[in-house]
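*Asks:* This is the structure I have questions about; it appears just below.
The values are calculated or read from the model by the stated rules, or taken from the named source; none is laboratory data. Every value quoted in this text rests on a predicted model; they were computed, and no experiment measured them. Cβ sites come from the backbone with ideal geometry, for glycine too, and all protein chains shown count toward neighbours. Ligands, DNA and RNA are excluded from the accessible area calculation, which covers all protein heavy atoms including side chains. Shrake-Rupley method; radii C 1.70, N 1.55, O 1.52, S 1.80 Å.
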Amino acid sequence: MGTAATSQQVRIEPTVDPAAAAFADKHGLWPDIELAVELLHDVFPELVAVRVSHVIDPESTDCEYLRVESRVPGGMEDMEEILDREDAFSAALRARMDAERRWFFVFTVIII
Amino acid sequence: MDPWQFLLVAEMLRDSELEAGRRSSISRSYYAAYNEIICCLRERHVTVPERDSHEKLCRYLAATGHEVLRAVANDLRGLRDDRLRADYEMEADPTAFSMVQVARAMNQARRIRQQFVSVGAVKAAELIADYLRRTHQMP
């Protein structure tokens, strides 16, 4: 879906896989995706991509979720700081999204 | 066996030139953290059913309502997702298994353990047992 410029920073629009979009439609998750992307921008202003994909847990009988993968520039020396910021993101998400909604998502960061 | 030995194996594989080695490192990091918690709880007579045990452990930790255990649940679930990708998704972008990502998984496992230890196994087991009794999953 690409990017759209704002006066403050470049907003990264998430790339949502078709299966993830169908899952989001089914469970009404679009506002939650929007909120998560907003919070990701707050915590990772340097973020270059967000991808949302649908995961069916191959080891569980009834577990599927959306994987929200953020790509953040950095190296080995930035890893601890990025983990701290992931914690900050999780705390911000807990404050804004209820537990049952959060269970539909797993967030992960790929350092590039 | 001390489950934390899995992290030593993760360390041995972290700089592997083979993607399969680095994927295995991520997988071992997860199992170090998962088994550390499972063993601590089992020693205190709290068992997680074998079926869907990975998901259930995260659910139980989150259901305690304890702020740190909720964070442990979140981090463990995230690390497990990294492991599922490493173990099952052969077409996944190799960037997800770079040396930095491998180091990230190992650090995530260490953080999970530190957070769990900071609460204490006794306290964590009590809180989970309370939850299981409240929901009639434990006598």
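*Asks:* Go through region B:69-105 and report how many residues are facing chain A (nearest Cβ under 7 Å), without any contact (Cβ under 8 Å) to a residue 40 or more places away in the chain and over 15 Å from the mean Cα position of the chain (by Cα).
*Replies:* Summing the residues that are facing chain A (nearest Cβ under 7 Å), without any contact (Cβ under 8 Å) to a residue 40 or more places away in the chain and over 15 Å from the mean Cα position of the chain (by Cα) in region B:69-105 gives 4.
*Asks:* Of the residues in region B:7-43, how many are among the polar types (S, T, N, Q) and more than 22 Å from B:MET90 (Cα to Cα)?
*Replies:* Counting residues in region B:7-43 that are among the polar types (S, T, N, Q) and more than 22 Å from B:MET90 (Cα to Cα) gives 1.
*Asks:* Restricting to region B:61-79, count the residues that are in a helix (DSSP H, G or I), open to solvent by 10 Å² or more (accessible area, probe 1.4 Å) and under 21 Å from B:ILE38 (Cβ atoms).
*Replies:* Residues in region B:61-79 being in a helix (DSSP H, G or I), open to solvent by 10 Å² or more (accessible area, probe 1.4 Å) and under 21 Å from B:ILE38 (Cβ atoms): 9 in total.
*Asks:* If you scan region B:93-123, which residues turn out to be part of a loop (DSSP other than H, G, I, E, B) and more than 22 Å from A:ILE82 (Cα to Cα)?
*Replies:* B:GLY120
*Asks:* Right, another one. Kindly establish whether A:ILE12 is aliphatic (A, V, I, L, M) and open to solvent by 60 Å² or more (accessible area, probe 1.4 Å).
*Replies:* Details: aliphatic (A, V, I, L, M): yes; open to solvent by 60 Å² or more (accessible area, probe 1.4 Å): no.
The answer is no for A:ILE12.
*Asks:* Quick check on region B:1-55: of everything there that is surrounded by 17 or more Cβ atoms within 10 Å (Cβ to Cβ) and among the basic types (Lys, Arg), which residue is farthest from A:THR61 (Cα to Cα)? Don't jump to the end; show me each part of the working.
*Replies:* Of the residues in region B:1-55, the ones surrounded by 17 or more Cβ atoms within 10 Å (Cβ to Cβ) are B:3, B:6-7, B:10, B:13-14, B:22-38, B:40-41, B:46, B:48, B:54-55.
Adding the requirement that they be among the basic types (Lys, Arg) leaves B:14, B:22-23, B:28.
Working: B:ARG14: 31, B:ARG22: 28, B:ARG23: 24, B:ARG28: 23 Å.
Step by step, filter region B:1-55, then rank; the result is B:ARG14.
*Asks:* Something else about it: Can you tell me which condition B:ARG44 does not meet? The list is (1) over 22 Å from B:PRO139 (Cα atoms); (2) away from chain A (no Cβ under 11 Å), and all the others hold.
*Replies:* (1)
*Asks:* Of the residues B:SER29, B:SER24, B:SER16, which single one is more than 12 Å from every other protein chain (Cβ to nearest Cβ) and not in a helix (DSSP H, G or I)?
*Replies:* The conditions single out B:SER16.
*Asks:* Okay, next question. Just checking, how many residues over region A:63-86 are within 8 Å of chain B (Cβ to nearest Cβ) and open to solvent by 50 Å² or more (accessible area, probe 1.4 Å)?
*Replies:* Count: 2.
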